[in-house]
Amino acid sequence: ESLRLSKGSKLKLGIMGGTFNPIHNAHLATAEFIRDKYDLDKVIFIPAGDPPHKKCVLNKFKRFDMVVLSTLKNDDFLVSDYEILSDKERDYTVDTLRHISETYPNEELYFITGSDALNQMETWKEFQENFKLAKFVAAIRPGINLLETQENVETFRQRYEADIDMIYVPSLEISSTYIRSLVKNGRSIKYLVPSRVEEYINVHNLYGGVVR
Ligand code: ATP
Ligand code: MG
């Protein structure tokens, strides 16, 4: 998070959290579409740490590496190691957003999320607090119940004064789950993930049926 605040006015920062197991082109395309649409100065990707009791998630440093490899050549995209290096048992979005807003007290935060995550939000720790810390931009994800998302958004707006936009993004029907199943079945993931991610998965022999 070495952000130089050279601009006189407020910066607009996109925040994109996720497990990124692995990062794929729909994550990147969604982030870029929203960055452009909202005129964001940067998008910060924040890979989640490893939950202590979940063994099925790939090691956090490898997930982090793949996010870094995917964003290295794009100055608009930054990667935060905040959750990766935290020694907490579990990282909650609200704590991470608080950290970002303390780090950048004068900037406007835009939390980017897929509509699936929005539908789960009521289970998050202190979830209402998130709305005080950031504006939410939810990308409508193929296969996710749109009506349910709309109802949730309406409730969040009315009850918690949430600032949420729901938008269509020209995103692809890719998920990390789908990528993992392709790899496991020996199928190609070319053009679904950045080529460096594809190479990394091959070199490190990831997702090959053996979960580690
Ligand atoms: P998994 O299948 O393992 O759950 P995922 O593809 O959903 O992986 P996550 O790391 O869980 O990826 O998601 C990080 C963020 O990116 C979430 O807010 C999620 O909703 C969003 N996201 C993931 N895939 C897409 C997509 N195809 N279109 C729009 N948003 C997406
Ligand atoms: Mg997911």
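The values are calculated or read from the model by the stated rules, or taken from the named source; none is laboratory data. Only a predicted model underlies this, so the values are computations on that prediction, with no experimental measurement involved. With ideal geometry, Cβ positions are generated from the backbone for all residues, glycine too; neighbour counts draw on all protein chains shown. In case anyone asks, the SASA skips ligands and DNA or RNA and just uses the protein heavy atoms, side chains included. Shrake-Rupley method; radii C 1.70, N 1.55, O 1.52, S 1.80 Å.
Counted residue by residue at 0.36 nm each, then reduced by the alpha carbon distance between them, the extension gain from L11 to K54 reaches 11.9 nm. Compared with the direct C-alpha span, the chain from Y168 to N74 gains 31.5 nm at full extension, assuming 0.36 nm per residue.
Ignoring aspartates and glutamates fewer than eight residues from K62 along the same chain, the ones with Cα atoms less than 15 angstrom from its Cα are D50, D81, E83, E198, E199.
Mind running the shape call on the range 64-138? Use the C-alpha gyration tensor, a ≥ b ≥ c as the square roots of the eigenvalues: rounded below 1.5 for a/c, prolate if a/b tops b/c, oblate otherwise. Kindly include the intermediate steps, with their values, before the conclusion.
Values: a/c = 1.42, a/b = 1.38, b/c = 1.03.
It is rounded, given that a/c, with a ≥ b ≥ c, falls under 1.5.
For the chain, the longest principal axis of the C-alpha atoms and the axis of helix 60-71 are separated by about 80°. Of the solvent-accessible surface of the chain, computed with a 1.4 Å probe and all protein chains present, 47% belongs to carbon and sulfur. What the Cβ-Cβ distance of Q128 and T177 gives, at R0 = 25 Å and to the nearest 0.05, is a FRET efficiency of 0.30.
Please calculate how many Å² of accessible area the chain carries per residue, with a 1.4 Å probe and no DNA, RNA or ligand atoms counted.
Numbers: 11380 Å² over 212 residues.
About 54 Å² of surface per residue is accessible.
Each of L72, F127, I164 was scored by the projection of its Cα onto the charge dipole of the chain, and the greatest displacement toward the positive side belongs to L72; charges sit on the C-beta of Lys, Arg, Asp and Glu.
Given in Å, the Rg to one decimal and the Dmax to the nearest whole number for the Cα atoms of the range 108-208 are 16.9, 50.
Mind ordering 71-79, 120-128 by average Cβ neighbours within 10 Å, highest first?
Working: 71-79: 15.4, 120-128: 13.2.
Order by mean packing, descending: 71-79, 120-128.
Between N106 and H204, the modelled label-to-label distance comes to 3.8 nm, taking each label 7 Å out from Cα in the direction of the beta carbon.
Show that you can apply the helix-only estimate: for the chain, add -39,500 (n - 2.57) for every DSSP H stretch of four or more residues, divide by all residues, and state [θ] at 222 nm to the nearest 500. It would help to have the intermediate numbers written out before the result.
Numbers: 9 runs with 86 residues, N = 212.
Calculated mean residue ellipticity at 222 nm is -11500 deg cm²/dmol.
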